[in-house]
Amino acid sequence: MIKTDVIIIGGGATGCGIARDLALRGIPHCLVEKGDFAAGATGACHGLLHSGGRYVVTDPIAAHECYNENLILRRIGEKCVEQTGGLFVRLPGDSKRFRELFLRGCEEAGIPAEAISSTLALDLVPNLNPEIEEAIKVPDCSIDPFRLCMLNIRTSQLRDGLIFTRHKVTEIVKSHGRCIGIKATDQATGEEREIRGNLIINATGAWANMIASLAGCEVPMTLAKGSLVITNHRLTNMVINRLRPPSDGDIIVPNEAVCLAGTTSLSVENPDKINIESTEVDTIISEAGRMIPHFNNTRIIRAFSGVRPLLKSKKVDAHEISRGFQIIDHQNGMYSIVGGKLTTFRLMAEKMVDVIMASFKLKKACETAEIPLDGQEELSGYPLSKRLADMKNIVCECELVSKDEVQRIITETGTRNVGDIQHRTRLGMGPCQGGFCTFRALGIMNDMSVISPEQSMDMLRGFLQRRFRGIRYALWGDQLREEQLVEYIYLGILAMEKPQ
Amino acid sequence: MSVTEYDVIILGAGVAGLTAGTFLAGRGFKVALVTSGEPTACLSTGCIDVCSRNHNPLVGIKELPPAHPYHLVPGETIIESLNNFQAAMSDIGIPYVGTEKENRLVLSALGTFKTSCLVPSTMAAAPQDTKASIHIVSFAGLKDFYPSYIISRRNNSKTSVYDAGVSSTMGIASHFEDKDFLKSFIIWLKEQNIDEDTIAFPAVLGLESAVEIVKTISTSVGKPVFEIPTIPPSMPGRRLFNALKDNFRKKGGNIYWGWPVIGVEKSGKIIEAVTTESKGRPNSLNGKAFILATGSFVGGGLTATREAIIENVFHLPVHVPGPRDTWFENDYFSFNHAIGRAGIKVDSFLRPTETPLENIFVCGGILADTEILKYGCGHGLALATAHVAAKSCMEYIR
Ligand SMILES: Cc1cc2nc3c(=O)[nH]c(=O)nc-3n(C[C@H](O)[C@H](O)[C@H](O)COP(=O)(O)OP(=O)(O)OC[C@H]3O[C@@H](n4cnc5c(N)ncnc54)[C@H](O)[C@@H]3O)c2cc1C
Ligand SMILES: Cc1cc2nc3c(=O)[nH]c(=O)nc-3n(C[C@H](O)[C@H](O)[C@H](O)COP(=O)(O)OP(=O)(O)OC[C@H]3O[C@@H](n4cnc5c(N)ncnc54)[C@H](O)[C@@H]3O)c2cc1C
């Protein structure tokens, strides 16, 4: 049995941020995550490091928090933030009154905002709809959520934090009414692990109520599903927002070679049972297409959705519910931290750890806003020159990932999971969505004898099913054609399965 | 604009288009074949799937759902098309083994069995059960071939790796065409002291001379040798395509290569010409009849948009299985994705229905209700329907 001071459940931005903060304040801790890092809303989000602009009219407090955090993250997390800047564009017919409220809100929240002409906006982003009336420039940025989690975890690892990914918490151990530990199941082996701690932090986002109920408590939340689509091209170098009250399909965020557009907002009951509807995809494309007309005929490589953990509110339209977060003291040794945004994860962690320090009667102050994230030097990635030198051994042609790189990740992380390789190398993130290279990555693992051939077949099967869930809602045009090719390869040429 | 007159214009250089073209050219018709590019045959294993659902493909065909286009092909035409194919391939030097009455098993690169009907002779020695031990030779750096996948299903099998100095499928295949390379390879192979019953290779044993190369290796080591089809680029698929193409040319057919059809000239119910784009200059090909063999989505005959499915050349009405949400099932491996039924509905002459046009005949993968993956009927259906389309065309012109 493992003993520690604080157990964190959930490896999204919030959980990883808490681990880092605890590490910097010298508190022994252990983080347990059922998937890989960023498996929940964190990995399914837009990756917009908000300037706060989006909330200045509806939620000035959240807007102010966002801007502060935006400044901090640009300082401490250079390597996972791209300082793209952002535009709020006003299309013909969009309310002028909202524009006034927007500019006033920015001023009050201290967010730099500059109204520019459509000509200037088109100079900045040539793909913009030439019919826009004007644009307002704000300091929005693009952030890589997975990297963000990894860098936060790095600090924890450097300071003896214990990390268990692919471990699902199935039980909260209690004694005399107090939570004293958890039981978690290793998702690969089925083995059970018991971890004891003085405090438990429930940072499971949309799953928070499920975890709370294991301890006999409740976290009142509204779950709002949001869907996003990814394009095959980077159609804009700046974040593009629609200058109107938050609504469907009004944000486009560039990220590496692609763009993410979304989102929608539909209330759901169970975060594990979410589907995308083709109407959502169509809405996003046509709304994004109003800001960047190319959207209507660009190739969409994937659609996915995440669930926003929002605090319970009486308002019906989930777009309007406050993005503020809350820390709930269940009075039994467990705290739940819910709500918020990716942008404010650090602040949420700070407040959470302040509460923990107080309960331990310790004084060390939070330093997460001053110290740059650990491990950024190594994150310059795998330089292009190196990739090109390995050219004849490229296993993923879309993202130029070489065999050496795959072998390195396998050796360094000891991973047995092809998803982990994908997150760490971008293997399979291009137009074919892993259709070709996953067969290769598993073949490499197989040849290295780190997995049994049976496992590799199971993983290949699992991967193709998961991949299909992502691309299923974006199948038309070239993407459908490519999908048919991949289907013929696995089911025809490789006879992977036989029809019943 | 240059104008050329033909009896029949064929669109698409796949198994269907080339077969229909060869049939007509062989009977004295003036035939032109226009294609935008390579067919799906080049991506395929080269094996001719006729119908994989029953051990006897002909029985399997009878059991297909009523809407399946195989039911539009008379039984004797199916057999005729397979016989013609086998005879032509033997003539050209890439013989196929198998009969229309019996399916065979082809060992896949995952170690599973693909069920097919006529297979290239280079795959003939593949074991038909899981017992026989195999020695798998693989090549350094070949990124789409991992013997461990196969060995997992056949634990009495072994592997060894040869460094050919190149690592692409094409590169290794062209090395094998070189006599000296082959000689030193055989010396190496003998040094491996192979105990297993048979020797397997990824399908890289040469471009044109594969049959010869397999024989040479097999005689030198005194063991049966066979090829395992790879994912594209596929050498056996390319050999099939080259053979069909050469055969068509030998019969006097004309190929307009790399010329996508971009326009159609109509007069009432008759298509008079298709316009193609070549080197920036439009080119008009006049014909009395037209055979549409542009394949399905992968081949390029059909394109799906968010709202509809379009036939790209004549804009013929396409049978769409339902709204976009229903094109795919949630289970990737269901084999029941409705999209497999999309295509052109035809009458018994393989003339498209729901259009007044009279002189178009449709064959191959672009037909509706084929469900090629589910029923394992890719090239076989292309051969059979090409024969029907060609015959209908002949009748129409007379
Ligand atoms: C579509 C969409 C777009 C968004 N876009 C943005 C944006 O652009 N900018 C922004 O700032 N915010 C955005 N957000 C909000 C942001 O994603 C979330 O607020 C934030 O990521 C929440 O992080 P979290 O760590 O609290 O939760 P999550 O990331 O959901 O993490 C919870 C974790 O708990 C794990 N878990 C659950 N149950 C168990 C268990 N039993 N055992 C172990 N682990 C468990 C899950 O696997 C998951 O990894 C968006 C949200 C959505 C849905
Ligand atoms: C990856 C893969 C593997 C396969 N493996 C096998 C196998 O092992 N065995 C088997 O039996 N079947 C297999 N099939 C199925 C088989 O290839 C097809 O069902 C069959 O060959 C259909 O051929 P076709 O002649 O109708 O069309 P296609 O092979 O699709 O050829 C269409 C032709 O039309 C041309 N074309 C398209 N649009 C235009 C235009 N506008 N103008 C001019 N030309 C145009 C294309 O360039 C191409 O030459 C496989 C299919 C795929 C995709």
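The values are calculated or read from the model by the stated rules, or taken from the named source; none is laboratory data. Since this is a predicted model, take the numbers as computed values, not measurements. Neighbour counts run over all protein chains shown; Cβ positions are idealised from the backbone, glycine included. Quick note on the areas: whole protein, heavy atoms, side chains included, nothing else; ligands and nucleic acids left out. Shrake-Rupley method; radii C 1.70, N 1.55, O 1.52, S 1.80 Å.
Left without a cysteine partner by the 4.7 Å Cβ rule in chain A: A:Cys30, A:Cys45, A:Cys66, A:Cys80, A:Cys106, A:Cys141, A:Cys179, A:Cys217, A:Cys259, A:Cys366, A:Cys398, A:Cys432.
Assuming R0 = 30 Å, what is the FRET efficiency of B:Lys190 and A:Thr189, from their Cβ-Cβ distance, to the nearest 0.05? Present the calculation step by step, with values, prior to reporting the outcome.
Working: r = 45 Å, r/R0 = 1.49.
So the FRET efficiency works out to roughly 0.10.
Accessible surface buried at the B:A interface totals approximately 4700 Å², computed with a 1.4 Å probe on protein heavy atoms. The antiparallel fraction among DSSP beta bridges confined to the protein assembly as shown stands at about 60%. The mean sequence distance of close C-alpha pairs (under 8 Å, at least 6 residues apart), as a share of the length of chain A, puts its relative contact order at 18 percent. For the protein assembly as shown, adding -39500 (n - 2.57) for each run of n ≥ 4 DSSP H residues and dividing by the number of residues yields -9500 deg cm²/dmol at 222 nm.
Protein-only accessible surface at a 1.4 angstrom probe places the residues B:Lys223, B:Lys183, A:Lys34 in the order B:Lys183, A:Lys34, B:Lys223, largest first. Put a dot 7 Å past the Cα of B:Asn156, heading toward its Cβ, do the same for B:Glu265, and the two dots end up 6.8 nm apart. Among the residues of the range B:156-190, those with an accessible-area drop of 10 Å² or more from chain alone to full protein complex, heavy atoms and 1.4 Å probe, are B:Ser167.
Beta bridges per DSSP, both residues in chain A: antiparallel share near 75 percent. Under the combined filter of DSSP loop state and at most 14 neighbouring Cβ atoms within 10 Å, the range B:74-144 retains these trypsin sites (Lys or Arg not before Pro): B:Lys101, B:Lys131. Against the longest alpha carbon principal axis of chain B, how many degrees, from 0 to 90 and to the nearest 10, is the axis of helix B:75-92 turned? Around 60 degrees separate the two axes. Structural descriptor for chain B: relative contact order 25 percent, calculated from alpha carbon pairs under 8 angstrom and at least 6 residues apart.
Comparing B:Ile134, B:Gly343, B:Pro39 along the charge dipole axis of the protein assembly as shown, the residue lying farthest to the positive side is B:Ile134, per the Cβ-charge model. I'd like the carbon and sulfur percentage of the solvent accessible area for the protein assembly as shown, probe radius 1.4 Å, heavy atoms only, ligands and nucleic acids excluded. Of all accessible area on the protein assembly as shown, carbon and sulfur atoms account for 50 percent. Over the protein assembly as shown, accessible surface divided per residue gives 38 Å², non-protein components excluded, 1.4 Å probe. Label point of A:Ser286 set 7 angstrom out along Cα-Cβ; within the range B:271-310, amide nitrogens under 15 Å from it belong to B:306-308. List the GluC sites (Glu not before Pro) within the range A:152-229 that DSSP assigns to loop and that have no more than 10 neighbouring Cβ atoms inside 10 Å. Of the GluC sites (Glu not before Pro), the ones in loops of the range A:152-229 whose Cβ has at most 10 other Cβ atoms within 10 Å are A:Glu191.
Remark: the range A:382-493 carries a charge dipole of roughly 180 debye about the Cα centre, counting +1 on each Lys and Arg Cβ and -1 on each Asp and Glu Cβ. Heavy-atom accessible area for A:Asp404, with the other protein chains in place and a 1.4 Å probe, reaches approximately 70 Å². For the protein assembly as shown, the residue among A:Gly306, B:Asn242, A:Ala261 whose Cα projects farthest onto the positive side of the dipole built from Cβ charges is A:Gly306.
Using a/c under 1.5 as the rounded threshold, could you call the range B:96-237 rounded, prolate or oblate? The axes a ≥ b ≥ c are square roots of the C-alpha gyration tensor eigenvalues, and prolate needs a/b larger than b/c, oblate otherwise.
Taking the square roots of the gyration eigenvalues as a ≥ b ≥ c, the range B:96-237 is rounded.
Each label was represented as a point 7 Å from its Cα along the Cα-to-Cβ direction; for B:Lys131 and B:Asp347 these points are 5.5 nm apart. The separation of the range B:238-286 from the range B:149-192, counted between C-alpha centres, amounts to 40 Å.
Residues of the range B:92-112 whose accessible area, computed with a 1.4 Å probe over protein heavy atoms, drops by at least 50 Å² once all protein chains are present relative to their chain alone are B:Leu110. Computed from point charges on the beta carbon alone (+1 for Lys and Arg, -1 for Asp and Glu), the dipole magnitude for the range B:96-237 about its Cα centre is near 340 Debye. In the range B:96-237, a dipole from Cβ-located charges (positive for Lys and Arg, negative for Asp and Glu) runs towards its positive end, and of B:Pro233, B:Ile187, B:Ile151 it is B:Ile151 whose Cα lies farthest in that direction. So between A:Arg408 and A:Val450, what do we pick up on full extension, going 0.36 nm a residue minus the alpha carbon distance? 13.8 nm is the gain from fully extending A:Arg408 to A:Val450. Have a look at the range B:20-53 and report residues whose accessible surface goes down by 20 Å² or more when the remaining protein chains are included, against the chain on its own, probe 1.4 Å, ligands and DNA/RNA excluded. Relative to the lone chain, where solvent access is computed with a 1.4 Å probe, the range B:20-53 loses at least 20 Å² at B:Leu43, B:Thr45, B:Arg53.
Rounded to the nearest 0.05, what FRET efficiency do B:Lys250 and B:Thr99 have when you use their Cβ-Cβ distance and R0 = 30 Å? Approximately 0.75, to the nearest 0.05. With every protein chain in place and a 1.4 angstrom probe, the accessible-area ranking of B:Ser108, B:Ser267, largest first, reads B:Ser267, B:Ser108. Separation of the range A:352-374 from the range B:81-109 is 73 Å, based on Cα centroids. Summary: within chain B, the longest segment free of GluC sites (Glu not before Pro) located in DSSP loops with at most 15 other C-beta atoms within 10 Å is B:64-306. Quick check: Cα centre of the range A:107-130 to Cα centre of the range A:194-246, how many Å? When both Cα centres are located, 30 Å separates them. Sites listed here are GluC sites (Glu not before Pro) in the range A:71-153 whose DSSP assignment is loop and whose Cβ has at most 12 other Cβ atoms within 10 Å: A:Glu131. Across the range A:382-493, the relative contact order, built from alpha-carbon pairs under 8 Å that are at least six residues apart, equals 20 percent.
Which percent, nearest 5, of DSSP beta bridges in chain B are antiparallel? Roughly 45 percent of the beta bridges in chain B run antiparallel, per DSSP.
Net charge dipole, the protein assembly as shown: roughly 500 debye, given to the nearest 20, about the Cα centre with Cβ charges of +1 for Lys and Arg and -1 for Asp and Glu.
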